[in-house]
1. What does the helix-only formula give at 222 nm for the protein assembly as shown: each DSSP H stretch with n ≥ 4 adding -39500 (n - 2.57), the total divided by the residues, and the result rounded to the nearest 500 deg cm²/dmol?
2. Over the Cα atoms of segment B:2-268, Rg to Rh with Kirkwood Rh, two decimal places?
3. Just want to confirm a number: the relative contact order over segment B:2-268, from Cα pairs under 8 angstrom separated by 6+ residues, in percent.
4. Measure out, as a whole number of angstrom, how far apart the alpha-carbon centroids of segment B:55-83 and segment A:56-97 sit.
5. To the nearest whole number, what is the average tally of beta carbon atoms from other chains within 10 Å of the beta carbons of peptide B:188-198?
6. Using Cα positions and a limit of under 20 Å, work out the lysines in reach of B:Lys70, with same-chain residues fewer than 8 apart set aside.
7. Could you work out the per residue convex hull volume over the alpha carbons of chain A, in cubic angstrom?
8. Quick one: B:Val55, A:Val40, B:Val138, fewest Cβ neighbours within 10 Å first, how do they rank?
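Nothing in this text is a laboratory measurement; each read-out follows from the coordinates by a stated rule. These figures come from a predicted structure and were not determined experimentally. Every residue, glycine among them, receives a Cβ derived from its backbone with ideal geometry; neighbour counts consider all protein chains shown.
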Amino acid sequence: MTLPITSLTGMLALSEEASETQETINPVLPVGFEIFWSAVFFFTLLALMRYVLLPPIQQGREERAARLSAGRDSVSDSDSELAQILAAHKEQIAVAEAEGAAIIDAARAEADGQRAQAVGAVEEEITKLRSNAQAEIDVARSTALAGAKGSVSQLAVGAATKVLGRSVDLASNQSVIDSYLNSGS
Amino acid sequence: MTNVLAIFAEGEGSAVEFPPIENVVEWPAFFGGDTFYEFNKIALMGLIAVVVPTVLFLVARASSSTAPSKLRVFVESIVKFIEEQIAKPGIGHGFEPYVPLLTSLFLFIAIGNLFEVIPFFQMPMNARMANPLVLALVVWAIFIYVGFKNQGFRYFKDIVWPGHVPPALRPLVGFIEFFSVFIVRPFSHAIRLFANMLAGHMLLITFSVLIIATLGQIAASASGVVLALGFVGSLVGLIGFTAFEVGVGIIQAFVFSILAAVYIGSSLHPAH
């Protein structure tokens, strides 16, 4: 059914005619077969949702949430374990550092002792060598001085003989010559 | 719009052809004509409204729950939305057993409403009274059953003889409450959904008819510019209201479901 209208009042006539139509076809009242199919389909969906469709979805979601929670707990446990291991390692490092420091101190003390001992030995050797050298020098000087004294005595007696014009005895004047030489040295 | 109607009123043999009311309330039978199982477009929508969520949930549950697919995330989001936004606030403690019912209601209504904007159908399933009435009666039966099951006779007594009302007013308030809860509630529940969807459907029909009418009259009329404006206005209105109807369809599904949850919740937990 189409309703040609040529004016605004024509549109009103449409609604009036539609009202007349509603006497036989009421758009508000439900129809039996539509109620039947609505009930069939809705109860089908409800049964499927209750027993087939929804439980796996909810169960899977809950399992995933439980796994996430367990994972979080595991991570928390791992963090705690890691902290304990770290603390133990730090403690071991502290003990090792203390032992290392003690060993270093002992080694340093021992090295100082050995160095002092070595230095002492070397200094003692140097002293001994210096003493020996000094003794040799003293001997050489005494020897040289004794030789020089004899020559000087001969020269002095010879000179005195020429100056005095007479023979001067070396033996009788030796003490005078020695006294002179000793006073000069 | 007023200008367009005025031009129609001028005559010149112009005509607006509105579809007959039978096109809205009567559909040809696919099979079983004139029987209690007559199957037409409205019934086909109901069938699809069952098949679509069934397929969605079955495909979604095939996905691993450890690394869920996008579809599974989408389906879980729908379920979570119904649990968190409808069941829990509407029912409160002990809402879990009613999630399948509320999920079925929400999806059945929402998908049924979305047929309004799907080509070939272009008619919301709930613009026919049968479906909202069936759903409302199901909810009505359930909340009364839940009330008597959980509260016993006290459920009925608290309604017809409310203790929180002054004694002199109890008969009047009790009568109103009885009438409201047991008689009016299922019909108001159903008509709210039905009327909203039918009104939206009629609105889209009106804009569609105006578009066709103005398009046909633009060339013939001396007031072509005005008619063109009417055509553009009607087209924009049709597009806008079509988008609006999508939102209305979802919102009406939400409203119907949350009202069902509230009714069940009021039966499940005694009034303080």
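1. On the way: 15 runs with 341 residues, N = 457.
The helix contribution divided over the protein assembly as shown gives -26000 deg cm²/dmol.
2. Values: Rg = 23.6 Å, Rh = 21.6 Å.
Ratio of gyration radius to Kirkwood radius for segment B:2-268: 1.09.
3. Numbers: 274 pairs, mean separation 70.5, N = 267.
Relative contact order, segment B:2-268: 26 percent.
4. Computed from Cα coordinates, the inter-centre distance equals 30 Å.
5. Details: counts 0, 0, 1, 1, 0, 0, 3, 1, 0, 0, 2.
Averaged over the peptide's residues, the number is 1.
6. By straight Cα distance, B:Lys70 reaches B:Lys80.
7. Numbers: hull volume 84.5 nm³, N = 185.
Dividing the Cα hull volume of chain A by its residues yields 457 Å³.
8. Details: B:Val55 11, A:Val40 16, B:Val138 20.
If I rank by nearby Cβ atoms, fewest first, I get B:Val55, A:Val40, B:Val138.
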